[in-house]
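Chemist: Below are the structure tokens for one structure; questions will follow.
The values are calculated or read from the model by the stated rules, or taken from the named source; none is laboratory data. All figures in this text were calculated on a predicted structure; none of them were measured in a lab. Cβ sites come from the backbone with ideal geometry, for glycine too, and all protein chains shown count toward neighbours. For accessibility, only protein heavy atoms count, side chains too; no ligands or nucleic acids. Shrake-Rupley method; radii C 1.70, N 1.55, O 1.52, S 1.80 Å.
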Amino acid sequence: MAAIPNAIVVNFHKEDGGWTSTRLPLFREDGSPWWIEHPKLGTKADVVALNLTWGSDVVKYPYYLETDLDHTDLDIGPAETVSVIGFPFGITSRQKFPVWATGFLAQEMDLISEEDPVFLIDCRTRPGQSGSPVIAHRVSTIRVKGDDGRVHLHTNPGQKRWKFLGIYSGRINEQSDLGKVWHASILKSLLAEAERIDLMRRQKRMEDEL
């Protein structure tokens, strides 16, 4: 309706099976944004940080950036399946749970650089899936790159492995199923910038109160 979005609503799944919603304003009273942009890429990056809190009764399944809890040694190559976990056309799979749309990696991951941390996937995504996490999910058999640089095949029947790859941005145009994903590597510096700015704001508030 040509309106400018001024808030975001996050739905959290609770341990008792219910849901709780948190509404976060996007702008301060002076019109400045609450979100924090990437320290180097700025508005070029379609990813921002936004501070939020949730209750102790919320079920949390975080993605880890610097540990092996998300199996960061998983080797992924072109034409392998990836999943975009979001809300196409705003629909859900059930209650408020997201939809898993599956596509394929459309390039070599080795081509990603710090200056251009974007890669392409081939997936039939639709409006509402921008901002979705993109993961590689595997069961039983995986490829792992060892310390020697070689790729090794590991088989463990029934075991699930996954790797958080990045944040989905959108299709390159309406006629193509090729979509851009911002690689997870930019999130580390983005979160560090968010922590730095948050600390500066806290210190300023303390100084103003003195």
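Chemist: Just wondering, is there one or more residues in the range 71-82 that are closer than 25 Å to His154 by Cα, assigned to a loop (DSSP other than H, G, I, E, B), of a type in the set (S, T, N, Q) and under 16 Å from the mean Cα position of the chain (by Cα)?
Modeler: Pass one, the range 71-82, residues closer than 25 Å to His154 by Cα: 71-82.
Within this subset, residues satisfying the condition of being assigned to a loop (DSSP other than H, G, I, E, B) are 71-73, 75-80.
Subset that is of a type in the set (S, T, N, Q): 72.
Next cut, under 16 Å from the mean Cα position of the chain (by Cα) only: 72.
Taking every residue of the range 71-82 in turn, at least one turns out to be closer than 25 Å to His154 by Cα, assigned to a loop (DSSP other than H, G, I, E, B), of a type in the set (S, T, N, Q) and under 16 Å from the mean Cα position of the chain (by Cα).
Chemist: Any residue in the range 188-208 that is over 26 Å from Tyr64 (Cβ atoms) sitting within a Cβ distance under 7 Å of a residue that is open to solvent by 100 Å² or more (accessible area, probe 1.4 Å)? List the pairs, counting only those 6 or more apart or interchain.
Modeler: From residues that are over 26 Å from Tyr64 (Cβ atoms), there are no pairs.
Chemist: Now for a different question. Just checking, does the range 42-57 include any residue being assigned to a loop (DSSP other than H, G, I, E, B), in contact with a Pro (Cβ under 8 Å, 6 or more places away or on another chain) and either at pLDDT 95 or above or farther than 23 Å from Pro5 by Cα (or both)?
Modeler: Scanning the range 42-57, I find no residue that is assigned to a loop (DSSP other than H, G, I, E, B), in contact with a Pro (Cβ under 8 Å, 6 or more places away or on another chain) and either at pLDDT 95 or above or farther than 23 Å from Pro5 by Cα (or both), so the answer is no.
Chemist: Looking only at the range 83-133, count how many residues are assigned to a strand (DSSP E or B) and of a type in the set (A, V, I, L, M, F, W, C). Steps first, answer last, please.
Modeler: Narrowing the range 83-133 to residues assigned to a strand (DSSP E or B): 83-86, 94, 97, 99-105, 118-122, 133.
When the remaining residues are screened for being of a type in the set (A, V, I, L, M, F, W, C), the result is 84-85, 97, 99-101, 104-105, 118-121.
Summing the residues that are assigned to a strand (DSSP E or B) and of a type in the set (A, V, I, L, M, F, W, C) in the range 83-133 gives 12.
Chemist: Residues Thr141, Thr155: which one is surrounded by 11 or more Cβ atoms within 10 Å (Cβ to Cβ), among the polar types (S, T, N, Q) and either more than 23 Å from Gly42 (Cβ to Cβ) or in contact with a Lys or Arg (Cβ under 7 Å, 6 or more places away or on another chain) (or both)? Full working, then the answer.
Modeler: Details: Thr155 fails: surrounded by 11 or more Cβ atoms within 10 Å (Cβ to Cβ).
Thr141 is the lone residue from the list that is surrounded by 11 or more Cβ atoms within 10 Å (Cβ to Cβ), among the polar types (S, T, N, Q) and either more than 23 Å from Gly42 (Cβ to Cβ) or in contact with a Lys or Arg (Cβ under 7 Å, 6 or more places away or on another chain) (or both).
Chemist: Which pairs do you get when a residue that is of a type in the set (D, E, K, R), found in the range 167-181, comes within reach of a residue that is open to solvent by less than 30 Å² (accessible area, probe 1.4 Å), reach meaning Cβ atoms under 6 angstrom, with the pair 6+ apart or on two chains?
Modeler: Cβ pairs passing all conditions: Arg171/Gly179; Lys180/Val118; Lys180/Ser169.
Chemist: Then there's this: Can we say Asp46 is within 21 Å of Gly131 (Cα to Cα), acidic (Asp, Glu) and open to solvent by 60 Å² or more (accessible area, probe 1.4 Å)? It would help to see each step written out before you state the result.
Modeler: Working: within 21 Å of Gly131 (Cα to Cα): yes; acidic (Asp, Glu): yes; open to solvent by 60 Å² or more (accessible area, probe 1.4 Å): yes.
Spelling it out, Asp46 is indeed within 21 Å of Gly131 (Cα to Cα), acidic (Asp, Glu) and open to solvent by 60 Å² or more (accessible area, probe 1.4 Å).
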